[in-house]
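The values are calculated or read from the model by the stated rules, or taken from the named source; none is laboratory data. Because the structure is predicted, anything quoted here is derived from the model rather than measured. Ideal geometry is used to build each Cβ from the backbone, glycine not excepted, and the neighbour counts take in all protein chains shown. Only protein heavy atoms, including side chains, enter the accessible area calculation; ligands, DNA and RNA are left aside. Shrake-Rupley method; radii C 1.70, N 1.55, O 1.52, S 1.80 Å.
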Amino acid sequence: MNNTRKLSRFAPAFMAGVTMLSWAMVADADDTIEIGQDVWIEAGCASCHGSRGQGGTDPDSPAGPSLRTTQLSEDEMFEVIACGRRGVSGMPGWARGAYFEMACYGETPGQVPEDVLLIEAFDADQIDALVAYIFTTFVQD
Ligand code: HEC
């Protein structure tokens with residue numbers, strides 16, 4: 001569908017961006033939200049989900065849903081961000097070792113499925129911080 005075509009044009013740009021990342025992982029509690037915000041910015045989540053997580057409107061990016069109105073729990077959100085959504089969803093997976101070393105959606109780790117775009121830019125601590133940032137900043141009760 002449309003999203004697949006848009007994604008293939010779009011992916012190289014943010015993949016180039018995220019390879020330049022390096023992280024000091026000294027996360028005491030006060031730093032967590034800030035680390036999460038840095039991940040949000042560096043990953044370019046806003047290009048598909050909007051700068052305030054309100055849902056994407058950029059014509060050059062697949063439109064991601066609003067994160068402000070998500071019904072996901074924090075654990076469920078971690079898994080979507082880490083593993084992506086399979087199929088022609090347009091939502092990449094961001095965790096290093098997703099599917100291969102880290103179990104995704106209850107499957108035994110070992111093989112990366114073909115129908116997922118994995119970017120593998122972040123470790124689990126960074127994605128935890130990102131989820132904390134999203135829940136603190138965007139998600140509405
Ligand atoms: C290339 C566009 C794109 C990028 C970049 C992107 N997303 Fe998404 N995201 C999507 C799309 C499209 C969906 C809907 C997938 C579906 O369910 O079919 C989605 C779904 C989600 C969901 C599930 C929401 C729900 O309530 O079901 C979360 C959470 C999410 N994205 C967070 C993020 C975060 C955090 C980042 C940055 C690390 C990010 N996304 C980067 C396109 C993107």
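Taking Pro12 and the conditions (1) within 13 Å of the ligand (Cβ to nearest atom); (2) over 15 Å from the mean Cα position of the chain (by Cα); (3) at pLDDT below 55; (4) surrounded by 15 or more Cβ atoms within 10 Å (Cβ to Cβ), which numbered condition does it fall short on, given that it satisfies the others?
Single failed check for Pro12: (4).
Among the residues of segment 67-102, how many are without any contact (Cβ under 8 Å) to a residue 12 or more places away in the chain and either loosely packed, with under 15 Cβ neighbours inside 10 Å or not aliphatic (A, V, I, L, M) (or both)?
Residues meeting the conditions: 5.
Mind checking which residues of segment 118-139 are assigned to a loop (DSSP other than H, G, I, E, B) and either away from the ligand (no atom under 12 Å from the Cβ) or among the hydroxyl-bearing types (Ser, Thr, Tyr) (or both)?
Asp123
Given the conditions (1) surrounded by 14 or more Cβ atoms within 10 Å (Cβ to Cβ); (2) in contact with a Gly (Cβ under 6 Å, 6 or more places away or on another chain); (3) assigned to a loop (DSSP other than H, G, I, E, B); (4) modelled with pLDDT of 95 or more, and given that Asp115 satisfies all but one, which numbered condition is not satisfied?
Failing condition for Asp115: (1).
Being closer than 19 Å to Ala129 by Cα, more than 6 Å from the ligand (Cβ to nearest atom) and in a loop (DSSP other than H, G, I, E, B) is the filter here, so list the residues in segment 72-91 that pass it.
Ser73, Gly84
Would you mind telling me which numbered condition in (1) open to solvent by 30 Å² or more (accessible area, probe 1.4 Å); (2) within 12 Å of the ligand (Cβ to nearest atom); (3) assigned to a loop (DSSP other than H, G, I, E, B) Gly64 fails?
It is condition (1) that Gly64 fails.
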